[in-house]
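All remarks here apply to the structure that follows.
Laboratory data are not the source of any read-out in this text; all were calculated from the coordinates shown. The model shown is predicted, which means the values in this text are computed figures rather than measured ones. Counting neighbours? That spans all protein chains shown, and the Cβs are built from the backbone with ideal geometry, glycine included.
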């Protein structure tokens, strides 16, 4: 069985690098071309004949929605998966309406990308939005009564940042961070940093990143 021929289209070099890194261990996926602007996509498709295009929705030249229309008209056999930093459900819905086979947020776990591409190449249309961490995190935070600041601090605790690092990021004192964490622990029914991080990962409050950080590396008990 021949590998899935994939074209990557994104104007952010770091995103392209991260996707390449995430997919390099999957021999069934072959990256045959890259495009760094919307205007490059159609010529690259004509040259490389990809099975799937992984397409950023915001690119210079032509944006992802415009390209979905043109790809559907000119290359109807080429399947398109949108990769977007926009966590707006209406954008995902519009992309799917225009022919995208799946919608991935840039917060998606890298390990989830290959299975999505595989399903799409086999003809599936995935209506769930994957990796839209901000939107998912906000909904989960609302469920547990966390404020925006408490959610943001919890996300950083889950990635292993110390109170000092978090305080510096938000221009707050460490004492203020401890105060927020005390409220977080109370609302989640946990008693330590370790339990809070685990709860965050288990209940969609940790967010996602392309770093692929292992949560078990960052479990440090205590608020301080």
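The table for this structure:
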item: Length added when fully stretched, residue 11-residue 75, from 0.36 nm per residue minus Cα-Cα; result: 20.9 nm
item: Segment 1-35-segment 150-188 distance, computed between alpha-carbon centres (Å); result: 36 Å
item: Surface/4 estimate of mean projected area, convex hull on alpha-carbon atoms of segment 4-122, nm²; result: 6.3 nm²
item: Mean Cβ neighbour count within 10 Å, used as a protection proxy, ranking 29-38, 173-182 highest first; result: 29-38, 173-182
